[in-house]
Amino acid sequence: MSPSLTALFCLGESPGVTGRCLLPKPSLRALPSSLVPLERPVTIWCQGPPGVDLYRLEKLGSKKYEDQNFLSISAMKTSHAGRYRCSYQNGSQWSLPSDHLELVATGVFDKPSLTAHPSHVVLPGGGVTLKCQSQYGFDQFALYKEGDAGFYKRLEKQYLADFPMAPVTTAHSGTYRCYSFSNVSPYLWSSPSNPMVLTVTGKGCRPHSPSSASEALRAIPRVSTGVFTSRPLHTGAPQEPDSCLARQDHTQGNLVRICLGAVVLILLLGVVAEDWHSQRRALGPRVKPVPQLLPITQEAEGCDSGRGNLGRREVQKRKS
């Protein structure tokens, strides 16, 4: 590095060390991701300006470091999880340390479940709560949305964490997963939950739409901050949809009343039908059959006419 460029970077002095300027901090990242499943490879890279004399990459709390700008891990173990940082040296001058990189081992515990309440399909301006539930007594949960740069952590009760979102916009649509872990071992996480697709669609009460999903979820701090809160996720937009929410509540109330009316009508029809059947059973034995006269057949008429002819013949014989 040229002296003039070094002079531009050396704007201050190291705390407690006079006469020694500080070079700008390098960047530190993990590829392909800082969330690494067990037994999967990962590489940590430290990037400084061109012409660096020496890099130092260290894992905090372990007193171990590498004098190089990368650390290649062929198979992730729980012992690799933790916080890393790096710095570089030019001549006798050291740079500021990089931001901490939190390398997390996933798959250490069974995956939690992720559900959306009341539904995974939401109207714009409405509200939804994503619930992450674990079978273990964990007190830490992290929510991840595909396409976002980071995670959203929450300190909650054991077994369950709620991630409320209200009012929602189309920026909230996407695929979500969650993790669970313990504050005792903050870098040993469970496997990710099954993906849950949240859909914001339809005509609803649309508040001001943020420019990205990251802005829409910015109320929850990122995983890199190491800070846990229980604040709800929101868009930061003006809370103007009070009338919209009132209309939604009114619609839900109408649906409830319609359902109750249908149930009452069905019950009344059942009572009427039962009364009608009981009346029919009561009137049935009172109906008596009407006797009918048998018709006279031709054979009977023939017999009667034959008896008349015989009688006349006998009378004629006696006269003669």
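The values are calculated or read from the model by the stated rules, or taken from the named source; none is laboratory data. What you are looking at is a predicted structure, and each value in this text was computed from that prediction instead of being measured. Backbone-built Cβ (ideal geometry, glycine too); neighbour counts: all protein chains shown. Each accessible area value is taken on the protein alone, full model and side chains, heavy atoms only, with ligands, DNA and RNA left out. Shrake-Rupley method; radii C 1.70, N 1.55, O 1.52, S 1.80 Å.
Take the alpha-carbon positions of the stretch 17-103, form their convex hull, and give its projected area averaged over all directions (one quarter of the hull surface) in nm². Don't skip to the end; give the middle numbers.
Numbers: hull surface 23.6 nm².
Value for the stretch 17-103: 5.9 nm².
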Worksheet item: Going down the list LYS25/LYS131; LYS25/LYS153; LYS64/LYS111; LYS25/LYS63, which pairs span over 29 Å between their C-alpha atoms?
Response: LYS25/LYS131; LYS64/LYS111
Worksheet item: Based on the mean of other beta carbon atoms within 10 Å per residue, what is the order of 262-273, 57-68, most packed first?
Response: 57-68, 262-273
Item to complete: Taking the Cβ of ASN194 as the centre, find all other residues whose Cβ is under 14 Å away and add up their charges (Lys, Arg: +1; Asp, Glu: -1).
Response: +1
Practice prompt. Multiply the residue gap between ASP67 and LEU260 by 0.36 nm, knock off their C-alpha separation, and tell me the result in nm, one decimal place.
Written response: 62.1 nm
Discussion item. Leaving out ligands and nucleic acids, and using a 1.4 Å probe, what accessible area per residue does the stretch 22-124 come to in Å²?
Written reply: 53 Å²
Item to complete: Give the carbon-plus-sulfur fraction of the accessible surface of the stretch 29-140 in %, rounded to a whole number; probe 1.4 Å, heavy atoms of protein chains only.
Response: 50 percent
Worksheet, complete the sentence: FRET efficiency for ARG40 and SER92 from the Cβ-Cβ distance with R0 = 51 Å, rounded to 0.05, comes out at 0.80
Worksheet item: Around ASP148, which amide H atoms from residues at least 5 apart in sequence, or from another chain, sit under 5 Å from its own amide H, with H modelled in the peptide plane?
Response: none
Fill in: Chain lengthening between LEU267 and SER74 when straightened (0.36 nm per residue, less Cα-Cα)
62.6 nm
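Rg(Cα) of the stretch 85-149 divided by 2.2 N^0.38 Å?
Dividing the Cα Rg of the stretch 85-149 by 2.2 N^0.38 Å gives 1.86.
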Worksheet, complete the sentence: Going residue by residue through the stretch 124-130, the Karplus relation 6.51 cos²θ - 1.76 cosθ + 1.60 with θ = phi - 60° gives ³J(HN,Hα) values, rounded to whole Hz and with x marking Gly or Pro, of x, x, x, x, 8, 10, 8
Practice prompt. Go ahead and run the numbers for FRET between SER33 and ASP53, Cβ-Cβ distance against an R0 of 25 Å, rounding to 0.05.
Written response: 0.25
Response to the item:
The answer for ASP139, listing residues at least 5 apart or on another chain whose modeled amide H is closer than 5 Å to its amide H, is PHE181, ASN183
Fill in: Using distinct alpha-carbon pairs, which all enter the 1/r mean, Kirkwood radius of the stretch 32-164 in Å
17.7 Å
